[in-house]
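This report concerns only the one structure given below.
The values are calculated or read from the model by the stated rules, or taken from the named source; none is laboratory data. Computed from a prediction, not measured in an experiment: that's the story for all the values here. Positions of Cβ are backbone-derived with ideal geometry, glycine not excepted, and every protein chain shown enters the neighbour counts.
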Amino acid sequence: MVKIFIDPGHGGSDPGATGNGLQEKTLTLQIALALRTILTNEYEGVTVLLSRTSDRTNAANNWGADFFLSIHINSGGGTGFESYIYPGVGAPTTTYQSEIHSEVIQAVDFSDRGKKTANFHVLRESSMPALLTENGFIDTVTDANKLKTSSFIQSLARGHANGLEQSFSLQKTSDSGVYKVQIGAFKVKANADNLASSAESKGFDAIVLLKDGLYKVQIGAFSSKDNADALAARAENAGFDAMVFLES
Ligand SMILES: [Zn+2]
């Protein structure tokens, strides 16, 4: 099992960089959630932990992550994508940087600012290979306009996923049946909608589906049962009543 720790840069009272009506903490969370969805839906043998706490690197260390990925948006004038590892860290971190960096550049229309090193706290304190990506400049209009579209956010996540696939030899799951995670079923649509928005507010991707005369609130669908169970456990921790069932 490969353990990928994703750190959506900033959060809470720390918005990170701001500009053009955007906040870095919101964008980094969007990219991180999209990346988690791709990795858990499409690959087997991978678990993802996402953290917003201030003690991010400690959480990754305690979890025994195989890789620490910190996602950021740049500011200060400029344009394009760049990535950072800790100075002098060597392989395999340098290999992971090359693979993920070039996959992101291939996936999105961003100029390549290069593979860099820096003595950043999150890179220094991680006991596992760690990479920090700077995904465009929030205070540059052309970059900000790209970051405002969800398809661009998806492509950024896809680029990171493609790189992680290479770095950790991740295998795509085969598609035989789908494990769905459901947190409620209602006769009244408004009740389902309420539960869905409460799930959304806690960071889940919720959809309402009408099936067999009931409005069902679903927060995920996976080909791997492990991933469905992991999401159900996360939902239970957040106070929801989650169940997993196989639909072929
Ligand atoms: Zn940042």
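What the table shows:
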item	result
Conditions (1) of a type in the set (A, V, I, L, M, F, W, C); (2) under 28 Å from Leu231 (Cβ atoms); (3) surrounded by fewer than 16 Cβ atoms within 10 Å (Cβ to Cβ); number of the one not met by Ala34	(3)
Test for Asp112: is it acidic (Asp, Glu), in contact with a Gly (Cβ under 6 Å, 6 or more places away or on another chain) and touching a residue at least 24 places away in the same chain (Cβ under 8 Å)	no
Complete set of residues in the range 108-156 that are of a type in the set (Asp, Glu) and over 18 Å from Gly19 (Cα atoms)	Asp109, Asp112, Glu125
Leu210, sole failed condition from (1) of a type outside the set (Lys, Arg); (2) more than 22 Å from the chain's Cα centre (by Cα); (3) surrounded by 12 or more Cβ atoms within 10 Å (Cβ to Cβ)	(3)
Flag if Val217 is buried (at least 20 other Cβ atoms within 10 Å of the Cβ), more than 30 Å from Ser111 (Cα to Cα) and not assigned by TED's automatic domain parsing to the domain that holds Gln97	yes
Those helices (runs of 4 or more DSSP H) lying entirely in the range 41-152 with at least 2 residues more than 16 Å from the ligand (Cβ to nearest atom)	56-63, 93-107, 141-147
Those residues of the range 1-17 which are more than 11 Å from the ligand (Cβ to nearest atom) and either in a helix (DSSP H, G or I) or farther than 23 Å from Asn61 by Cβ (or both), in sequence order	Ser13
Residue check for Ser155: part of a helix (DSSP H, G or I), in the same structural domain as Ala232 (by TED's automatic domain parsing) and either of a type outside the set (A, V, I, L, M, F, W, C) or without any contact (Cβ under 8 Å) to a residue 60 or more places away in the chain (or both)	no
Test for Ala190: is it in a strand (DSSP E or B) and free of Cβ contacts under 8 Å to residues at least 60 places away in the same chain	no
